[in-house]
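Take this structure, written in structure tokens, and hold onto it; I'll ask about it next.
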Amino acid sequence: MVPELSVVVPMYNEQEVLPLLVQRLRRVLDDVDASYEVVAVDDGSTDLTPALLQRYHREWPALRVIRLRANAGHQAAISAGLASARGDYVVTLDADLQDPPEVIRDMLAAARRDRVDVVYGVRADRSSDTWFKRFSARAFYTLIRLVSQTSAHSDAGDFRLMSRATVDAVNSLPEHNRVLRFIVPALNFPSDTVEYRREERAAGRSKYPLLKMVKLSFDSLTGFSTAPLRMATIAGLGGGAVAVLLLAYIFLSAAQGHTVAGWTSTVAIVSGFGAVQLVCVGILGEYIGRMYAHLQGRPTYFIAYDSLTTSLHDHGPTDTPLPGLSHDRPILRSPGPEVSGAGEPARRGSRPAAASPAGSAPP
């Protein structure tokens, strides 16, 4: 039986918030008028998260546990969940409960009522964020919309509902370092929004420190537009024009006998042009790095264990055996359409033969 709704929940070291998440999410989904699965993607946690997931999997048959062999990152964990989810509708939800699971009912109702492919969870109140985070987020989303011509919502993260057609489209994309909060709007499928109030993190600490946010920003910017390359070209042309004007001024001053050796001006000019050159080289390096990673073709994540394809008798509560018959060879999965193991991509009308009603479904 294929569930109508899948909820994909990426998590990394969430032992403190996991009991609260399971309690609230199960209560919400049991009241939803749809069959469901919860796909909990353990992104290589090093705390008690794997053991807790196995415990809740035994108590809650609809909870499906997927464990990555190593930490691959938040976006890669979501991609792994999307590649494995079987539902006609798929919701992506973070484990920290800042995005309330109760909104899933409204998302599903809006998708059915308006017959749209995507329903974005839009934050009506971001008072729980610092002023710096609110300002930087709004400025960054504005920049992304200008340079990439996408309609990404500045107050929408990774909390969204997608139809099976949308999930299949995302899974078919071959690119690495994907940022789903911009990829999904770039598809331009019919969409709707549901507003909600963003809450404080229920427990634990944020998995997105400043450095990870900066990396996500670079991946977003270089993955959706060539505008930075054009900016580098414009900066180079502007620097060349300024250099020509300075050269003309020097010749004119020399002809009039007004030249005076100035150490400060020389250093200022050299430093200015050096800075422009370094910025341009850095921007070019970002794009070359993305091309290099794409040419290597390395998967962004490795699935070590999937509770849907492995019986409870084959593993202990903290083991991570591989799915299927072979337990000594890693299963590769990449963001693209190819899926390792026993089958085709998880698409409507083409489900793995080993699929059972027990599942899971986790900005």
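The values are calculated or read from the model by the stated rules, or taken from the named source; none is laboratory data. Computed from a predicted model, the values in this text were never measured in an experiment. Neighbour counts run over all protein chains shown; Cβ positions are idealised from the backbone, glycine included. Just the protein is used for accessible areas: all its heavy atoms, side chains included, with ligands, DNA and RNA removed. Shrake-Rupley method; radii C 1.70, N 1.55, O 1.52, S 1.80 Å.
Identify the single condition in (1) farther than 18 Å from Y89 by Cβ; (2) crowded, with 24+ Cβ neighbours inside 10 Å that E37 does not satisfy, given that it satisfies every other one.
The number of the failed condition is (1).
Here's something else I'd like to know. Does G73 count as in contact with a Leu (Cβ under 7 Å, 6 or more places away or on another chain) and surrounded by fewer than 23 Cβ atoms within 10 Å (Cβ to Cβ)?
Here the answer is no, as G73 does not meet what is asked.
Filter the range 162-195 down to residues that are of a type in the set (D, E) and assigned to a strand (DSSP E or B) and give me whichever is least open to solvent (accessible area, probe 1.4 Å).
D192
Between residues in the range 99-126 that are closer than 15 Å to S163 by Cα and at pLDDT 95 or above and residues that are open to solvent by 30 Å² or more (accessible area, probe 1.4 Å) and in a helix (DSSP H, G or I), which pairs lie under 7 Å by C-beta distance while being six or more apart or on different chains?
Here the result reads D117/A165, each pair linking the range 99-126 to a residue that is open to solvent by 30 Å² or more (accessible area, probe 1.4 Å) and in a helix (DSSP H, G or I).
I'm told R64 meets every condition in (1) more than 20 Å from the chain's Cα centre (by Cα); (2) in a loop (DSSP other than H, G, I, E, B); (3) of a type in the set (D, E, K, R); (4) under 20 Å from V167 (Cα atoms) except one. Can you identify the failing condition by its number?
Among (1) more than 20 Å from the chain's Cα centre (by Cα); (2) in a loop (DSSP other than H, G, I, E, B); (3) of a type in the set (D, E, K, R); (4) under 20 Å from V167 (Cα atoms), R64 violates only (2).
Listed here are the residues, each with its yes/no results for (1) over 24 Å from V118 (Cα atoms); (2) at pLDDT 95 or above.
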position: V8; (1), (2): no, yes
position: Q15; (1), (2): yes, no
position: V22; (1), (2): yes, yes
position: V32; (1), (2): no, no
position: V39; (1), (2): no, yes
position: G44; (1), (2): yes, no
position: N71; (1), (2): yes, no
position: A76; (1), (2): no, no
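Continuing with this model, one more query. Does P101 satisfy the criteria of being within 27 Å of T300 (Cβ to Cβ), in contact with a Phe, Trp or Tyr (Cβ under 7 Å, 6 or more places away or on another chain) and not in a helix (DSSP H, G or I)?
no
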